[in-house]
Ligand SMILES: [Zn+2]
């Protein structure tokens, strides 16, 4: 008899509702797996092993099976979900693997004379710890959503509820059985709604049109693929954003690091800082990919929306496609392109922290000292020294050489950066974005959430204004310059001015003969 070998890796996901009368009576009995145990069918064998795994606190995966000439499965191996080498199957999403070569294996075999399944091999050893009683509810097996609850979820969706609201309602309704985490609900809804995704992008364009019909000052541009009729790119600007841009276009940061895998499209924002020191968002954009062509379209559309008033300084991430597009679109309009130090430092840490190991602390200290150099020649001298002193880092540092004039502070010290190169700024924008990225599932709702986040920002500004109007300013110096500044500037800008005013008093100045 030619045994046919098949290998299936389907993770065990059938719901436990399949329980038949023969094993439902001892549901709570302690299960043991011993060679020689018998089961009425393969299904019963698998079910018992799954129950055992649940009882002990681990998960199983179906391993190899053998079929007889009639195509009937006659041998079945079940292994621990952590069997296998960690390198081979990196999880696509977070690049980690649960696998640790665990040896747990049980094998069942069909006895053709009596039709029973016999446990013929048992190895119950694990090389990892079991999931504790309190965390078992997070195991995938425990997180399948019952059919009746699935129907409730779809009903709530039709009524327009977002995922966190649905979860809150379900918790009220079925408190003790709600074990599904936010992602389970989200994935379930997303799978159901994916079929409608192409229509969703249509709806998104309609939503943009609707905003325009309500306020003619609202502007947007879309790029539709002529062949597939699908939305490829979009950019939009609310009237309030336009006003802000007219006032604060000195420094604009473009950040596209917000990955909206919820819609499968990268999302980017143009931001700046207002005279209260608050981050203000100028425009939002979504794009189907991150090629130079896509950035060209985005930046060109942005320029069109702001009547060719190009930003004075444009700060971005260190990305070749972005750099290329900025050089073609903004630079000819007199914009100075600079790389965001915040992003740059994030990349330096990411790329060199591990490589340098124990030398990292010393390196980063030298690196900061180098950044502090005021004079270009002095900077270059230190920078080149850094490359020879840390050969392990030199490859990455050489790559940074290409854009030196775009990021090294000594090249940009004459530029007004409005505090944008500091870390705190980037982080405050980050938390603002996260706020409205997490709350939305569909593209159309996303735009609505975007608008309400802008409203929130507007209110923050009004509040800052209110606080200032109710504060009187005591002058620190007798300088008429400070007096005038205190009448014109906001507290935020005044504090910055004062700092410089006081600093300049610590220098001695004298006239030099020509
Ligand atoms: Zn194991």
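Readers should treat all values here as calculations from the given coordinates under stated rules, not as data from a laboratory. Everything quoted here is computed from the prediction, not taken from an experiment. Cβ atoms come from the backbone with ideal geometry, glycine included; neighbour counts cover every protein chain shown.
Taking 0.36 nm per residue of separation and subtracting the Cα-Cα distance, what length does fully extending residue 456 through residue 68 add? Before the final figure, lay out each step's value.
Details: separation 388, 0.36 × 388 = 139.68 nm, distance 6.74 nm.
Result: 132.9 nm gained on full extension.
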For the range 212-256 and the range 393-407, what is the separation of their C-alpha centers, rounded to whole Å?
33
By count of other Cβ within 10 Å, fewest leading, how are 236, 360 ordered?
360, 236
Order of 285, 144 under a 10 Å beta carbon neighbour criterion, fewest first:
144, 285
Using label points projected 7 Å from each Cα along Cα→Cβ, tell me how many nm separate residue 377 and residue 355, to one decimal.
3.0
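What order do you get for 507, 220 when you list them from fewest to most C-beta neighbours inside 10 Å? Mind dumping the intermediate values first?
Numbers: 507 6, 220 21.
In order of increasing Cβ crowding within 10 Å: 507, 220.
Efficiency by 1/(1 + (r/R0)^6): what FRET value for residue 307 and residue 490, r their Cβ-Cβ distance, R0 = 22 Å, to the nearest 0.05? Write out the running numbers ahead of the final one.
Working: r = 27 Å, r/R0 = 1.21.
After rounding to 0.05, the efficiency reads 0.25.
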Computed FRET efficiency, Cβ-Cβ of residue 414 and residue 474, R0 35 Å: what is it to the nearest 0.05?
0.60
For the residue pair residue 101 and residue 155, what label-to-label distance in nm results when each label sits 7 Å from Cα along the Cα-to-beta-carbon direction?
5.3
